[in-house]
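Below: the structure, in structure tokens.
The values are calculated or read from the model by the stated rules, or taken from the named source; none is laboratory data. Computed from a predicted model, the values in this text were never measured in an experiment. Counting neighbours? That spans all protein chains shown, and the Cβs are built from the backbone with ideal geometry, glycine included. Accessible surface is based on the protein model in full, side chains and every heavy atom, while ligands, DNA and RNA are left aside. Shrake-Rupley method; radii C 1.70, N 1.55, O 1.52, S 1.80 Å.
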Amino acid sequence: RHRTRAVGVEGDAVMNRQTIQNFGEAFNGKTPSKGEQRSSGHPILKIRDIDEVGRFRGVFESFVDEDFYKKHAKKKLKSGDTIILNAAHNADYVGSKNAFVTDELDGVIATGEWLIVRVNGANSKYVNHYLRSPSGRKSLKNFVKGIHLYPKDVERISVPIPSEAEQIRIANLLDKVEVLIAQRKQHLQELDDLLKSVFLEMFGPSAPGYSDWEMVEIKDLAAPHRGAMRTGPFGSNLLHSEFTDVGDVAVLGIDNAVQNRFAWSERRYITNEKYFELSNYRIFPGDVIVTIMGTIGRSAVVPSDIPLAINTKHLAAITLNQEIADPVFLSYSIHSSPFILNQFKSKNRGAIMSGLNLGLIKETKLKQPPIELQRKFSEIHARVDDLKISCQASITDLDALYGGLSQRAFKGELDRV
């Protein structure tokens with residue numbers, strides 16, 4: 001084992017590059033068989049126990065007995081370890097979860113889907129930040145083979161190693177940015193929780209007047225004209241080969257309904273000539289769209305600034321009679337009401353990746369509150385949404401700051417003007 005040459009100098013800090021095997025090791029955890037898992041005992045850390053931003057969810061769901069725990073003691077996590085998702089059904093997800101092990105996970109055995117990086121000759125938090133930086137993530141992706149990431153390959157990743165004092169300084173600086181990002185994300189979650197609480201208070205079983213509200217089916221809230229509830233064109237009527245990257249007529253799909261909000265993620269268009277064939281499938285501002293394939297029941301309201309659009313076969317669209325039904329109220333009910341979600345699960349036999357159909361959506365029941373109350377919730381929703389948009393913009397800015405600072409820090413350029 002040896003040090004590679006210095007690649008940069010900033011002040012007194014010499015930035016050497018070393019492979020992880022020079023100052024640490026990488027190894028996989030151990031997954032117990034179904035017969036070895038228990039309802040109590042020593043906890044094991046599964047992939048789902050860590051959230052998407054690398055935080056422990058706070059509750060263990062799986063356990064092993066004393067014999068398993070002693071037999072695989074070498075797989076115990078230690079504070080300061082970095083754990084990385086090492087396998088997935090899709091190569092794009094490999095390495096997508098990356099967490100820093102704190103005292104609450106010290107001594108816990110990680111399952112085999114975790115790759116553990118243990119540092120002995122460098123600052124562990126500094127190394128963790130590098131592996132989560134754009135350069136570190138790129139290095140991890142470069143070593144993915146098929147749908148797996150192997151310890152011996154990870155040990156070959158080259159990390160810039162300045163002096164110990166500089167490692168601590170960089171880690172502390174990036175920690176501060178991370179804390180701000182975590183705070184903003186917590187604010188987002190609190191806003192979501194607030195909106196759910198308001199919804200239940202206004203429309204739940206204990207809401208004033210609830211018992212007097214009529215139970216209706218979603219079809220009873222649709223506009224009276226034919227085609228007020230519709231799915232998109234099927235089969236050869238609309239082919240992927242007919243999509244364009246730019247155009248006058250947008251094609252909306254399941255990716256446009258995310259977390260009860262309309263999202264312009266992937267944009268697809270068709271020509272005006274094709275639209276004349278499919279004008280019966282037009283989507284209007286104020287329509288409620290509902291995913292009927294994939295993760296069913298995601299919903300959103302089509303905003304007023306949407307261009308001329310149609311929907312795909314995977315998306316149901318509902319044009320409401322807005323004299324009796326507010327779009328935001330219905331969309332939020334579909335997305336968040338346990339009463340409606342339970343109906344979807346029942347009709348879908350509990351499957352997550354199966355599908356609904358338009359007939360089942362039409363028959364789904366809900367309470368119909370007074371339109372004035374629905375609109376009041378819509379106003380509250382809009383105010384909360386404005387706060388969420390501001391908070392999300394702050395997160396985006398802080399993510400960019402973290403990326404920029406880490407890039408400069410790991411090049412030895414942190415103090416350059």
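Applying 1/(1 + (r/R0)^6) with R0 = 45 Å to the Cβ-Cβ distance of residue 17 and residue 342, what FRET efficiency is obtained, to the nearest 0.05? Kindly include the intermediate steps, with their values, before the conclusion.
Working: r = 55 Å, r/R0 = 1.23.
My answer for the efficiency is 0.20.
Per 0.36 nm of contour for each residue apart, how much would the distance between residue 142 and residue 53 grow if the chain were fully extended, relative to their Cα-Cα spacing? Spell out each step's value before the answer.
Working: separation 89, 0.36 × 89 = 32.04 nm, distance 2.16 nm.
Once the chain is fully extended between residue 142 and residue 53, it gains 29.9 nm.
Out of the total accessible area of the chain (probe 1.4 Å, heavy atoms of protein only), what percent is carbon and sulfur? Don't jump to the answer; show the numbers that get you there.
Details: 10990 of 21550 Å².
That share works out to 51 percent.
For 264, 213, 114, write out the residues from largest to smallest accessible area, computed with a 1.4 angstrom probe and no ligands counted. Before the final figure, lay out each step's value.
Values: 264 75, 213 30, 114 0 Å².
Sorted by accessible area, descending: 264, 213, 114.
Only Cα pairs under 8 Å and at least 6 apart count here; give the relative contact order of the stretch 260-366 as a rounded whole percent.
On the way: 148 pairs, mean separation 30.2, N = 107.
In percent, rounded to a whole number, it is 28.
Per residue, how much accessible area does the chain show when a 1.4 Å probe rolls over the protein heavy atoms, in square angstrom?
I get 52 Å² per residue for the chain.
Which shape class applies to the chain: rounded if a/c is under 1.5, otherwise prolate when a/b exceeds b/c and oblate if not, where a ≥ b ≥ c are the square roots of the Cα gyration tensor eigenvalues?
Prolate.
Where both partners of a DSSP beta bridge lie in the chain, what percent of those bridges are antiparallel, to the nearest 5? Before the final figure, lay out each step's value.
Values: 51 of 56 bridges.
Around 90 percent antiparallel, to the nearest 5.
Given H placed on each backbone N at 1.01 Å, which residues far from residue 44 in sequence or on other chains put an amide H within less than 5 Å of it?
Answer set, sorted by chain and number: 62, 63, 64.
Given +1 on the Cβ of Lys and Arg, -1 on the Cβ of Asp and Glu, and no further charges, what dipole in debye does the chain carry about its Cα centre, rounded to the nearest 20? Before the final figure, lay out the partial values.
On the way: 55 positive and 51 negative charges, 317 e Å.
In total the dipole reaches around 1520 debye.
I'd like the orientation of helix 164-203 relative to the chain: the angle between its Cα long axis and the longest Cα principal axis, in ° from 0 to 90, rounded to 10.
Roughly 20 degrees, rounded to the nearest 10.
Can you find, among 378, 98, 77, the residue farthest towards the positive end of the dipole of the chain? Put +1 on the C-beta of Lys and Arg, -1 on that of Asp and Glu.
Of the options given, the answer is 77.
Taking 51 Å as R0, compute the FRET efficiency from the Cβ-Cβ separation of residue 237 and residue 165 and round it to 0.05.
About 0.15, to the nearest 0.05.
Among 244, 283, 307, whose Cα sits farthest toward the positive end of the charge dipole of the stretch 220-316 (+1 at Cβ of Lys/Arg, -1 at Cβ of Asp/Glu, about the Cα centre)?
283
From the square roots a ≥ b ≥ c of the eigenvalues of the alpha-carbon gyration tensor of the stretch 112-191, which class results: rounded (a/c under 1.5), prolate (a/b over b/c), or oblate? Don't jump to the answer; show the numbers that get you there.
Working: a/c = 2.37, a/b = 1.24, b/c = 1.90.
Cα axes put the stretch 112-191 in the oblate bin.
Cα axis of helix 371-409 to longest principal axis of the chain: angle in degrees, 0 to 90, nearest 10?
Orientation of helix 371-409: about 20 degrees from the principal axis.
Run the dipole for the stretch 10-161 about the Cα centre, Lys and Arg Cβ at +1, Asp and Glu Cβ at -1, nothing else charged, and hand back the magnitude in debye, nearest 20.
Value, rounded to 20: 360 debye.
With a 1.4 Å probe and all protein chains kept in place, how do 383, 17 rank by accessible area, largest first?
These residues rank, largest area first, as 383, 17.
With angles folded into 0 to 90 degrees, how steeply does helix 327-336 sit against the dominant principal axis of the chain? Use alpha carbons for both and round to 10.
So the helix axis and the longest Cα principal axis differ by about 50 degrees.
Using a 1.4 angstrom probe with every protein chain in place, what is the largest-first accessible-area order of 143, 203?
From most accessible down to least: 143, 203.
Here are some pairs, 78/176; 125/411; 196/362; 176/411; 97/152; 138/411; which of them have Cα atoms lying more than 21 Å apart in this structure?
Violating the 21 Å Cα-Cα cut-off are 78/176; 196/362.
Quote to one decimal, in nm, the extra length available between residue 264 and residue 91 on full extension: 0.36 nm per residue of separation minus the C-alpha distance between them.
59.8 nm
Counting only helical runs of four or more DSSP H residues, what would the 222 nm mean residue ellipticity of the chain come to if each run contributes -39,500 (n - 2.57) and the total is spread over all its residues?
-11000 deg cm²/dmol
Taking the Cα centre of the stretch 89-175 as the origin, how large is its charge dipole in debye, to the nearest 20, when only Lys and Arg (+1) and Asp and Glu (-1) carry charge on their Cβ atoms?
420 debye
Express in nm, to one decimal, how much length is gained between residue 106 and residue 180 on full extension, taking 0.36 nm for each residue of separation and deducting their alpha carbon distance. Please list the in-between numbers first.
Working: separation 74, 0.36 × 74 = 26.64 nm, distance 2.50 nm.
Here the segment from residue 106 to residue 180 would lengthen by 24.1 nm.
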